[in-house]
Structure formats: C-alpha cells, structure tokens
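What follows is one structure encoded as structure tokens, with my remarks underneath.
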Amino acid sequence: MVTACLVTACLLSAGWLAMPVHAEEKQAATEAQPTKGVNAKEKQGKQAFYPALTAREEKLEAALRADTEGNFPEIPLSEVMTYFSELHNVPIVIQRTDLKAINLTVDEPIDVKLTDLSLKNALIQILDPIDLTYVVDRDLILITSKVKAAEMLKTRVYPVGDLCRSGPDDYQVLEEAIRNANLGDWKWEELRSAPGGLGGGVGPQPRRVVNQVGGTISEVAESQSLVISQTYHAHNAIVELLTQLRQARAAQLKSPDPAL
C-alpha cells in the first residue's frame with residue numbers, strides 16, 4: 001500500500017513539473033517565430049492613433065497575438081496566469097481587490113483545455129465565464145473584473161482625414177458608424193417625446209434623456225481627427241474597424257467598375 005502511494009505521488013509530481021518544462025520549450029518556439037505586425041501602425045507606416053504604443057506595449061500586444069496552449073484540470077487562476085506569464089515572458093498581474101469586489105479570489109479553479117489559439121483568445125476563454133477580463137495598462141497585462149475594466153478609459157486621437165474627404169459631414173457619419181458598431185458603451189444625451197409634460201401641456205412633450213456611462217467621441221475637423229475616450233478592448237475594435245474601412249476604400253479605388 002505504501003509503495004503504491006509513493007508511485008502515485010511521483011507520477012503526479014512528474015506531471016506537474018512537466019508544465020514548466022513544456023512552457024520553456026513553447027516559449028523558445030514562440031520567440032523563434034517572426035513577430036506579427038503591430039496594430040498601432042498600418043503597413044504603409046501611417047499612424048493609426050496618437051499617442052503611439054510604447055515599445056513595451058508593442059511587446060505585450062505581440063505576445064497577446066502569439067499562439068499558445070494549455071491544459072488546466074481544476075488549476076487555481078493564479079497558477080494559470082503564472083504559467084502564461086512564464087510561457088510568453090510577459091508580466092500578467094491579477095488585481096486581487098477587483099476580484100474581491102465580485103466575490104472571487106486568485107484561487108478560483110480553472111478547468112479548460114486550450115489548443116491552437118492566440119494568447120488573447122485563451123485569456124478570453126478562461127476569464128469570460130467568471131466575469132473577468134484582461135487589459136494592457138501601465139506596461140502590464142492586468143487581470144480584472146469586467147466592471148472595473150469598463151471604468152478604465154483611455155483617450156486617443158485618431159487621424160481620419162483619409163476617410164473624410166467629401167466634407168465636414170463625413171466626420172459625423174464616421175462617428176455614427178463607430179457608435180453603431182457595438183464596439184463599446186457610449187455616453188449620450190438626447191431629447192425624447194413623452195406624454196404630458198412638466199407644464200401639463202397637451203400631447204407629447206420633449207424630455208432630456210442622459211446616459212452617463214461609457215466613453216465619448218468628438219470631431220476635430222481642424223486636425224482631421226476623432227478624439228475618442230474608450231476602454232482598452234473598445235479601442236482595439238475601433239482600430240480594426242478603421243482598418244477595414246480603409247481596406248474597403250482602397251478596394252473601391254482599385255476597382256475598374258466605378259459602381260463597385
């Protein structure tokens with residue numbers, strides 16, 4: 001009986017120790033691969049937004065796009081994040097206070113097997129079911145609650161003169177396209193009709209409706225830019241949307257058929 005227990009303990013220990021070894025092998029393979037492009041700049045060298053990403057931020061974004069894998073049978077969240085941090089050689093920090101606010105701890109068990117996907121999608125698969133997410137902030141990949149992440153707004157200036165060449169109205173159209181693309185929550189204020197009114201008038205009366213939660217977007221035609229305050233994930237989605245709009249415009253300019 002004692003011998004059987006010792007053999008079982010050795011096997012478990014060997015299996016757990018194999019994870020760091022595998023992490024080192026995977027890290028070496030990842031570092032050997034060519035680095036993919038950075039979202040901050042397009043292939044032509046055009047600045048997608050200001051301020052540009054720092055060298056450290058670019059490194060973190062490259063790591064998030066890198067391929068990864070992992071098998072976690074009821075492994076504590078803290079150990080899972082340590083595994084990915086060592087595997088990709090990037091700082092991943094859990095915001096314990098933010099987890100505590102939603103009744104979670106770093107010992108939350110993670111039960112998932114991940115293969116053939118990017119680190120950012122792996123983190124989403126792990127964190128989304130427990131109402132957590134990740135953000136890149138202060139040269140770190142922070143693990144926090146979705147509620148807290150929604151409060152972490154950053155302001156960027158997006159030069160969009162190439163998309164707004166027809167006139168000033170183009171900026172408003174582009175702003176509406178960004179707002180309507182479901183890329184994040186936005187503050188807004190509008191007048192709506194309501195029955196009656198403060199003065200007891202007959203028929204629908206206007207009332208002001210305000211939503212104070214979310215980001216903001218402002219047109220600055222003088223600098224051919226949009227100034228946008230939004231969350232980390234919303235900014236990433238905005239960069240992707242603007243990239244797709246530029247690709248669509250380039251395709252139209254190359255098309256021999258003016259109707260396309």
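The values are calculated or read from the model by the stated rules, or taken from the named source; none is laboratory data. All values reported here derive from a predicted model rather than from experimental measurement. Note that each Cβ is placed from the backbone with ideal geometry, even for glycine, and that neighbours are counted across all protein chains shown. We work out accessible area using only protein heavy atoms, side chains counted, and drop any ligands, DNA or RNA first. Shrake-Rupley method; radii C 1.70, N 1.55, O 1.52, S 1.80 Å.
Only one of 156, 165 is part of a loop (DSSP other than H, G, I, E, B) and either closer than 20 Å to residue 231 by Cβ or open to solvent by 60 Å² or more (accessible area, probe 1.4 Å) (or both). Can you tell me which?
Being part of a loop (DSSP other than H, G, I, E, B) and either closer than 20 Å to residue 231 by Cβ or open to solvent by 60 Å² or more (accessible area, probe 1.4 Å) (or both) holds for just one of 156, 165, which is 165.
Restricting the first residue to the stretch 181-197 and requiring it to be more than 30 Å from residue 239 (Cβ to Cβ), which pairs with a second residue that is modelled with pLDDT of 90 or more and not in a loop (DSSP other than H, G, I, E, B) meet a Cβ separation below 7 Å and a spacing of at least six or different chains?
Taking only residues 6 or more apart or on different chains, not a single pair turns up.
Listed here are the residues, each with its yes/no results for (1) at pLDDT 95 or above; (2) open to solvent by less than 50 Å² (accessible area, probe 1.4 Å).
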{"site": "193", "(1), (2)": "no, no"}
{"site": "198", "(1), (2)": "no, no"}
{"site": "203", "(1), (2)": "no, yes"}
{"site": "235", "(1), (2)": "yes, yes"}
{"site": "250", "(1), (2)": "no, yes"}
{"site": "253", "(1), (2)": "no, no"}
{"site": "258", "(1), (2)": "no, no"}
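Regarding the stretch 64-75, can at least one residue be identified that is more than 30 Å from residue 174 (Cα to Cα) and aromatic (Phe, Trp, Tyr)?
yes
Given the conditions (1) surrounded by 18 or more Cβ atoms within 10 Å (Cβ to Cβ); (2) more than 19 Å from the chain's Cα centre (by Cα), and given that residue 63 satisfies all but one, which numbered condition is not satisfied?
(2)
Tell me, yes or no, whether the stretch 118-127 has at least one residue that is loosely packed, with under 14 Cβ neighbours inside 10 Å, of a type outside the set (Gly, Ala, Ser) and in contact (Cβ under 8 Å) with a residue 24 or more places away in the chain.
Looking for residues that are loosely packed, with under 14 Cβ neighbours inside 10 Å, of a type outside the set (Gly, Ala, Ser) and in contact (Cβ under 8 Å) with a residue 24 or more places away in the chain, one finds none in the stretch 118-127, hence no.
Given the conditions (1) farther than 23 Å from residue 52 by Cα; (2) touching a residue at least 40 places away in the same chain (Cβ under 8 Å); (3) within 14 Å of the chain's Cα centre (by Cα), which single one is not true for residue 146?
With (1) farther than 23 Å from residue 52 by Cα; (2) touching a residue at least 40 places away in the same chain (Cβ under 8 Å); (3) within 14 Å of the chain's Cα centre (by Cα) applied to residue 146, the lone miss is (2).
Give the residue that is modelled with the highest pLDDT, with candidates limited to residues of the stretch 102-124 that are over 16 Å from residue 82 (Cβ atoms) and hydroxyl-bearing (Ser, Thr, Tyr).
118
Report yes if residue 112 is surrounded by 13 or more Cβ atoms within 10 Å (Cβ to Cβ), within 26 Å of residue 48 (Cβ to Cβ) and either out of contact with any Leu (no Cβ under 7 Å at 6 or more places or on another chain) or aliphatic (A, V, I, L, M) (or both), otherwise no.
In short, no.
Could you list, in sequence order, the residues of the stretch 50-68 that are touching a residue at least 40 places away in the same chain (Cβ under 8 Å) and in a helix (DSSP H, G or I)?
Across the stretch 50-68, the qualifying residues are 56, 57, 60, 61, 63, 64, 65.
When you look at residue 80, is it over 30 Å from residue 157 (Cα atoms), part of a loop (DSSP other than H, G, I, E, B) and more than 17 Å from the chain's Cα centre (by Cα), yes or no?
Spelling it out, it is not the case that residue 80 is over 30 Å from residue 157 (Cα atoms), part of a loop (DSSP other than H, G, I, E, B) and more than 17 Å from the chain's Cα centre (by Cα).
Given the structure, is residue 71 outside any strand (DSSP E or B), farther than 30 Å from residue 218 by Cβ and open to solvent by 40 Å² or more (accessible area, probe 1.4 Å)?
No, not satisfied.
Among the residues of the stretch 214-260 satisfying the criterion of being among the acidic types (Asp, Glu) and over 13 Å from residue 159 (Cα atoms), which is farthest from the chain's Cα centre (by Cα)?
257
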